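Take this structure first; my questions come after.
The values are calculated or read from the model by the stated rules, or taken from the named source; none is laboratory data. Fair warning: this is a prediction, and the values are worked out from it, not measured in the lab. Here the Cβ positions follow ideal geometry from the backbone for every residue, glycine too, while neighbour counts run over all protein chains shown. Areas reflect the complete protein model, heavy atoms only, side chains present, ligands, DNA and RNA absent. Shrake-Rupley method; radii C 1.70, N 1.55, O 1.52, S 1.80 Å.
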Amino acid sequence: MKIFLFTLTLGILGMSPSLSHDTHAAEPSITKALFGKTADGAAVDLYTLVNARGMKATITNFGGIVVSLWVPDRDGKEADVVLGFDKLDGYLGKHPYFGALVGRYGNRIAEGQFELDGKTYKLAQNNDGNHLHGGLKGFDKQLWAASSSMTGDGPQLVLSYLSSDGEEGYPGSLSVQVTYTLTEENALKIHYHATTDKPTPVNLTNHSYFNLAGQGEGDILGHQVELFADRFTPVDQGLIPTGELRSVAGTPMDFRQPAAIGARVDQDDEQLVLGKGYDHNFVLKKTKPGALELAARVYEPTHGRVLEVLTTEPGVQFYVGNFLDGTNIGKGNRVYQHRYGFCLETQHFPNSPNLLQFPSTILRPGESYDTTTVYRFSTR
Ligand code: GLA
């Protein structure tokens with residue numbers, strides 16, 4: 001507000017404010033408009049969050065999807081840095097989880113099956129015999145209840161969803177709340193909260209595809225990535241972790257120093273061949289479990305945007321759009337070709353319900369599931 005008035009006053013006086021990256025200073029706000037209707041005729045809204053520096057996010061309560069994220073480059077020029085669709089219809093059709101909230105279990109559970117407290121549970125098998133991203137109708141395809149407000153942290157959208165006992169095969173009714181806040185440090189902060197009435201696996205994430213040059217502006221192979229991980233979880237041909245935590249040293253998985261995505265992605269490496277590129281979970285370095293710490297930093301050299309990802313989660317799935325093939329026509333009629341976006345899906349490790357050596361993903365009655373992930377933007 002102060003910056004806004006300051007800028008406005010200078011503007012009226014014909015002076016240009018010296019806040020180089022605040023040239024789009026605005027009054028922070030959150031507004032809502034009709035986005036469309038589901039096949040059942042339910043109204044779906046699109047919320048627009050603006051912070052005092054002019055960064056803008058639009059988020060819909062269908063699937064909790066981040067529809068757009070407008071971020072300044074090093075010259076203060078804004079671009080939408082996430083893949084997606086202009087209209088709700090695009091999200092109602094088949095698409096690879098653009099921007100979506102993913103649950104009840106983000107990533108894969110082998111053979112769609114796990115044992116918990118001596119009982120075997122069978123889930124939807126929607127990915128070559130495995131369970132992926134919550135099943136046939138995961139949280140990404142549900143209509144969430146929404147409430148919005150202005151907070152000291154910035155405009156905030158709270159999405160709530162009650163996943164019923166047995167939904168997609170999962171035990172227990174799970175009450176979920178996801179809070180999106182657009183903060184003054186040009187960050188989209190996501191807090192995930194859940195409680196259950198029966199023990200159940202839970203692993204919530206967001207599946208935004210980023211292109212820091214702007215959505216649809218070519219592939220992401222020139223982006224320079226740094227991952228704060230010494231180890232990763234190697235996979236089999238179904239992209240299910242073998243259970244090993246393998247050192248990244250001497251492999252194309254080593255992003256401890258920044259490296260371009262394209263530098264090694266097509267190397268004849270067993271893991272890259274299995275993943276068709278990077279599609280792997282990295283084991284994050286933590287000073288202590290659950291600490292909110294840097295997971296990744298990505299820099300796009302032509303426009304200078306930097307994305308930093310912080311999370312309380314132990315892992316991050318680094319996926320580079322290997323399955324994008326031009327069949328999705330996105331915002332502004334941009335065609336999303338192979339590797340036009342990358343994802344950093346913060347999470348517990350894939351298939352944890354069956355790999356008991358991994359950190360547990362089981363939530364029990366009386367416990368509270370709380371994780372935080374921050375997507376923070378700056379320029380260089
Ligand atoms: C995740 C998976 C990928 C792929 C995408 C969606 O990132 O790890 O293998 O399924 O989701 O296309």
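Largest first and in whole Å, what are the equivalent-ellipsoid semi-axes of region 40-144 based on the Cα gyration tensor, each being the root of 5 times an eigenvalue?
Values for region 40-144, descending: 33, 16, 12 Å.
Each residue of region 203-210 in turn: what ³J(HN,Hα) in whole Hz from Karplus with 6.51, -1.76, 1.60 and θ = phi - 60°, glycine and Pro shown as x?
Karplus values, whole Hz, x for Gly and Pro: 7, 9, 8, 10, 10, 5, 9, 9.
Still on this structure, please answer the following. Report the full-extension gain for the segment Thr251 to Ser29: residue separation times 0.36 nm, less the Cα-Cα distance, to one decimal in nm.
Result: 75.3 nm gained on full extension.
Further, regarding this structure: Restrict the search to region 201-284; then list the GluC sites (Glu not before Pro) that DSSP places in a loop and that have at most 15 other Cβ atoms within 10 Å of their Cβ.
Those that pass, being in a loop and sparsely packed, are Glu244.
Roughly what would the spin-label model give for Ser368 and Asp86, points 7 Å off Cα along C-beta, in nm?
Label-label distance for Ser368 and Asp86, simple model: 4.4 nm.
Treating the beta-carbon of each Lys and Arg as +1 and of each Asp and Glu as -1, no other charges, what is the dipole magnitude of the chain about its Cα centre, to the nearest 20 debye?
Result for the chain is approximately 480 debye, rounded to the nearest 20.
Debye sum, Cα scatterers, region 236-316, no solvent: what log₁₀ I/I(0) at q = 0.15 1/Å?
-0.64
Further question: Per residue of region 233-242, what does 6.51 cos²θ - 1.76 cosθ + 1.60 with θ = phi - 60° give for ³J(HN,Hα)? Whole Hz please, x for Gly and Pro, Karplus curve as stated.
So the J values, rounded to whole Hz, are 9, x, 10, 9, 5, x, 6, 9, x, 6.
Now for a separate question. Using +1 on the beta carbon of Lys and Arg, -1 on that of Asp and Glu, and nothing else charged, what's the dipole of region 13-155 about the Cα centre, debye to 20?
Roughly 300 debye for region 13-155.
Give the residue from Ala145, Val335, Thr287 lying farthest towards the positive end of the charge dipole for the chain; charges sit on Cβ (+1 for Lys and Arg, -1 for Asp and Glu) and the dipole is referred to the Cα centre.
Positive-end residue among those listed: Ala145.
Explain nothing, just the number: relative contact order of the chain, from Cα pairs under 8 Å at least 6 residues apart, as a whole percent.
Relative contact order comes out at 16 percent.
Per residue of the chain, what 222 nm ellipticity follows from adding -39500 (n - 2.57) for every DSSP H run with n ≥ 4, rounded to the nearest 500? Intermediate results must be reported in sequence, preceding the final value.
Details: 4 runs with 26 residues, N = 380.
That comes out to -1500 deg cm²/dmol.
Still on this structure, I have one more. List the residues whose amide H sits under 5 Å from the amide H of Val67, counting only those 5 or more places along or on another chain, with H placed 1.01 Å from N in the peptide plane.
Here the answer is Thr58, Ile59, Thr60, since their amide H atoms fall under 5 Å of that of Val67.
Then there is this: Which far-off residues, 5 or more places away or on another chain, put their amide H under 5 Å from the one on Asp230, with H placed in the peptide plane?
The list, which skips near neighbours in sequence, is Lys285.
Further, regarding this structure: Report the semi-axes of the equivalent ellipsoid for the chain in whole Å, largest first, where each axis is √(5λ) for an eigenvalue λ of the Cα gyration tensor.
Details: eigenvalues 214, 126, 75 Å².
After diagonalising the Cα gyration tensor, the semi-axes are 33, 25, 19 Å.
Among the aspartates and glutamates, which fall within straight-line cross-link reach of Lys276, defined as a Cα-Cα distance under 18 Å, with same-chain neighbours fewer than 8 residues apart omitted?
Asp128, Asp219, Asp236, Asp254, Asp266, Asp268, Asp325, Glu345
Additional query: Which of Lys198/Lys286; Lys32/Lys288; Lys32/Lys285 have a Cα-Cα distance over 32 Å?
Beyond 32 Å: Lys32/Lys288; Lys32/Lys285.
In sequence order, what are the phi-derived ³J(HN,Hα) couplings for region 316-333 according to the Karplus relation 6.51 cos²θ - 1.76 cosθ + 1.60 with θ = phi - 60°, rounded to whole Hz, with x for glycine and proline?
After applying 6.51 cos²θ - 1.76 cosθ + 1.60, I find 9, 8, 9, 10, 10, x, 5, 9, 6, 9, x, 7, 8, 9, x, 4, x, 6 Hz.
If I compute solvent accessible area with a 1.4 Å probe over the protein chains, what percent of it on the chain is carbon and sulfur?
Heavy-atom surface of the chain belonging to carbon and sulfur, 1.4 Å probe: 52 percent.
In whole angstrom, how far apart do the alpha carbon centroids of region 322-372 and region 183-235 sit?
7 Å
Does region 175-273 classify as rounded, prolate or oblate by the C-alpha gyration tensor (a ≥ b ≥ c root eigenvalues; a/c under 1.5 gives rounded; else a/b over b/c gives prolate, otherwise oblate)?
Cα axes put region 175-273 in the oblate bin.
Follow-up question, since we're still on this one. To the nearest 20 debye, what charge dipole does region 221-380 have about its Cα centre, counting +1 at the Cβ of each Lys and Arg and -1 at the Cβ of each Asp and Glu?
Dipole magnitude for region 221-380 comes out near 500 debye.
For the chain, with every protein chain kept in place, what is the accessible area per residue (1.4 Å probe, Å²)?
It amounts to 40 Å² per residue over the chain.
For q values of 0.13, 0.14 Å⁻¹, compute log₁₀ I(q)/I(0) with the Debye formula on a Cα-only model of region 190-331, without solvent.
At q = 0.13, 0.14 Å⁻¹ the computed log10 ratios are -0.63, -0.73.
Right, another one. Just flag the chymotrypsin sites (Phe, Trp or Tyr not before Pro) in region 307-380 sitting in loop per DSSP whose Cβ has no more than 15 other Cβ atoms within 10 Å.
Hits after loop and neighbour filter: Phe323.
Residues with beta-carbon under 13 Å from that of Gln237, excluding Gln237: net charge, scoring Lys, Arg +1 and Asp, Glu -1?
Combined, the nearby Lys, Arg, Asp and Glu give -2.
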